[in-house]
Amino acid sequence: MSDTYLQLDKLTLAYGDTVAVKDLDLTISKGELVALLGPSGCGKTTTMRSIAGLLNPSSGRITLDGSDITRVSANKRNIGLVFQSYALFPHLTVYENVAFGLRLKGIGGQDLDARVNAGIKSVGLASFAARKPTELSGGQQQRVALARSMVMEPKVLLLDEPLSNLDARLRLEMRAELQRVQKETGVTMIFVTHDQIEALALADRIVVMLNGGIEQIGTPEEIYNQPVSAFVADFVGFENVFALENGKLVTPQGPIELHAPAPQAAKGLAWRPRMVVLGSGPFQGTVRGTSFAGNTREYLLDTPLGPIKAEVDAALPSHPIGSSLSFDLPLVAAAPLSRYR
Ligand SMILES: Nc1ncnc2c1ncn2[C@@H]1O[C@H](COP(=O)(O)OP(=O)(O)OP(=O)(O)O)[C@@H](O)[C@H]1O
Ligand SMILES: [Mg+2]
C-alpha cells in the first residue's frame with residue numbers, strides 16, 4: 001500500500017520512567033483494516049491511546065491525512081475509539097445512545113435523525129432503536145457501540161479488543177459485521193486483538209508487536225506462512241523452532257547437520273506440527289504424550305533435538321506412549337527465519 005493516511009514516526013511512549021513503546025514506525029493507508037496482535041503488555045493499548053490523543057508521546061510524530069496531529073488534543077482529532085468495555089448509557093435508548101455524540105457536536109433536527117438512523121441500520125439494529133441496552137444481547141450492545149462511533153464519521157476508528165466479551169458465536173457474527181461495515185463505509189480501522197485467528201480473518205494487514213516494538217508487518221498470508229522471527233513463528237503455530245548456526249540446527253545436544261543445505265541467510269528454521277513426518281526419517285524420538293483432536297492426533301516426542309510436536313491424520317494407527325519412532329523435519333516445508341531471537 002502506498003498512499004499514507006496515518007503515519008506513526010519513531011513514536012516513543014512512556015508512563016513516567018516506564019517506556020512502553022519504543023521508536024515505533026507504522027504507515028497505514030486510507031480504508032485499511034489493520035490488526036495489532038501481540039502478547040499482553042507489548043504496547044497495543046498504549047499505541048492506540050497515543051493515536052487517539054489520550055497519551056502524549058515522549059518523542060516521535062503522528063500525522064493523519066497530511067497534518068501533524070502529535071500535539072492536537074483528543075477531541076479535535078476526529079478519531080473514534082471503541083474499547084472492550086463499551087459502556088453504553090443504560091438509561092438511554094439505542095437511538096439516543098447513538099445520537100449522543102452528534103448532539104454534543106451541535107447536530108440536530110433532520111440531519112441528526114438521518115445520521116442516527118443510517119448508523120443504526122448499518123449495524124442491523126433498525127428495529128431495536130427504541131430499546132434500552134439492558135434489553136439487548138451482548139453482541140447487539142456491541143453493535144450499538146460500533147454505530148455510536150461510526151456516526152461521528154471518524155477519520156480512523158480504533159477498536160481495542162471489542163469482541164473479547166462475547167461468546168464464540170457472537171464473536172464470529174460481530175467479526176463479519178465489522179468487516180462488512182468497514183468495507184461499506186471505507187473507514188480506516190485499527191483493531192487490537194489477542195486472537196490470531198481473528199486477526200487473520202479480519203485484517204488487510206497484521207502488525208505483530210513484542211516488547212513495545214514491531215516484530216513483523218504483513219498480510220495475513222505473509223504472517224501465517226512467512227514468519228520472520230522465532231517469536232512470530234511460534235505465535236502462528238510453527239511450534240518446532242530452531243536456531244541455525246553455520247547451516248546446522250542448534251539443539252540441546254549440540255549442532256545437528258541437516259541432510260540438505262538450509263536457505264542462505266536463514267538464522268532459524270521452523271516447522272508446524274503437521275509438517276513433521278512421523279514414521280520415517282533420519283531422527284529418532286520417544287512418544288511422551290499424545291492427544292486426539294478429531295481429524296488429527298498430536299504427538300509430543302522426546303528427541304535429541306529437544307521436544308518435537310507432530311500432528312498426523314487421526315485415521316492412521318496410533319503410537320502408544322513410550323514407543324520409539326523415527327521422524328523427519330523436511331527442509332522444503334520449513335519456514336526460514338531471518339531473525340532467530
Ligand atoms: N497507566 C500505566 N502506568 C504505567 N505503566 C503502564 C500503564 N499502562 C500500561 N503500562 C505498561 O505499559 C506496557 C504496555 O501496556 P499496554 O496496555 O499497552 O499493553 P497491551 O499490549 O495493550 O496489553 P494487553 O494485551 O494486556 O491489553 C505494559 O508493560 C504495562 O504494564
Ligand atoms: Mg491492551
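The values are calculated or read from the model by the stated rules, or taken from the named source; none is laboratory data. All figures in this text were calculated on a predicted structure; none of them were measured in a lab. Backbone-built Cβ (ideal geometry, glycine too); neighbour counts: all protein chains shown. These accessible areas exclude ligands, DNA and RNA; they are computed on the full protein's heavy atoms, side chains included. Shrake-Rupley method; radii C 1.70, N 1.55, O 1.52, S 1.80 Å.
For this structure, a couple of remarks:
- Of the criteria (1) more than 30 Å from Ala130 (Cα to Cα); (2) touching a residue at least 24 places away in the same chain (Cβ under 8 Å), which one Thr70 fails: (2)
- Single unsatisfied condition, Tyr86 versus (1) at pLDDT 95 or above; (2) hydroxyl-bearing (Ser, Thr, Tyr); (3) out of contact with any Asp or Glu (no Cβ under 8 Å at 6 or more places or on another chain); (4) crowded, with 18+ Cβ neighbours inside 10 Å: (1)
- Candidate set from the range 119-135 (those that are surrounded by 15 or more Cβ atoms within 10 Å (Cβ to Cβ) and under 17 Å from Met152 (Cα atoms)); member that is modelled with the highest pLDDT: Ile120
- The condition of being more than 16 Å from ligand 1 (Cβ to nearest atom), modelled with pLDDT of 90 or more and within 14 Å of Leu88 (Cβ to Cβ) holds for only one of Arg143, Arg148, that being Arg148.
- Among residues that are surrounded by fewer than 14 Cβ atoms within 10 Å (Cβ to Cβ), within 19 Å of Gln182 (Cβ to Cβ) and either within 11 Å of ligand 1 (Cβ to nearest atom) or not small (Gly, Ala, Ser) (or both), Asp3 is included.
- Qualifying positions in the range 1-32 - modelled with pLDDT under 95 and among the aliphatic types (A, V, I, L, M): Met1
- Among the candidates Leu170, Leu200, the residue that is closer than 20 Å to Gln142 by Cα and either of a type in the set (A, V, I, L, M, F, W, C) or in contact (Cβ under 8 Å) with a residue 24 or more places away in the chain (or both) is uniquely Leu170.
- Qualifying residues in the range 257-281 (those that are aliphatic (A, V, I, L, M) and at pLDDT below 90) - the one farthest from Ala243 (Cα to Cα): Ala260
- Taking the listed residues Ala266, Ala260, the one that is under 29 Å from Ile223 (Cβ atoms), out of contact with any strand residue (DSSP E or B) (no Cβ under 7 Å at 6 or more places or on another chain) and not in a strand (DSSP E or B) is Ala260, with no other qualifying.
- Here Arg274 fulfils each of the conditions (1) open to solvent by 70 Å² or more (accessible area, probe 1.4 Å); (2) over 30 Å from Ile197 (Cβ atoms); (3) not polar (S, T, N, Q) apart from (2).
- Restricting the range 15-67 to residues that are within 16 Å of ligand 2 (Cβ to nearest atom), small (Gly, Ala, Ser) and more than 15 Å from Ile190 (Cβ to Cβ), the residue that is surrounded by the most Cβ atoms within 10 Å (Cβ to Cβ) is Ala20.
- Sole residue being crowded, with 17+ Cβ neighbours inside 10 Å, touching a residue at least 24 places away in the same chain (Cβ under 8 Å) and within 16 Å of ligand 1 (Cβ to nearest atom), chosen from Val241, Val208: Val208
- Cβ pairs under 8 Å, 6+ apart, first in the range 19-42 and within 8 Å of ligand 1 (Cβ to nearest atom), second open to solvent by 70 Å² or more (accessible area, probe 1.4 Å): Ser40/His194; Cys42/Asn211
Each row is one residue, and each column tells you yes or no for (1) part of a strand (DSSP E or B); (2) surrounded by fewer than 16 Cβ atoms within 10 Å (Cβ to Cβ); (3) at pLDDT below 95.
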residue	(1), (2), (3)
Phe283	yes, no, yes
Arg288	yes, yes, no
Arg297	yes, no, no
Leu300	yes, no, no
Leu305	no, no, yes
Glu311	yes, no, no
Ala315	no, yes, yes
Gly322	no, yes, no
Ser326	yes, yes, no
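- Selection count where residues are touching a Ser or Thr at 6+ places or on another chain (Cβ under 8 Å) and either closer than 12 Å to Ile79 by Cβ or buried (at least 20 other Cβ atoms within 10 Å of the Cβ) (or both), scope the range 162-181: 2
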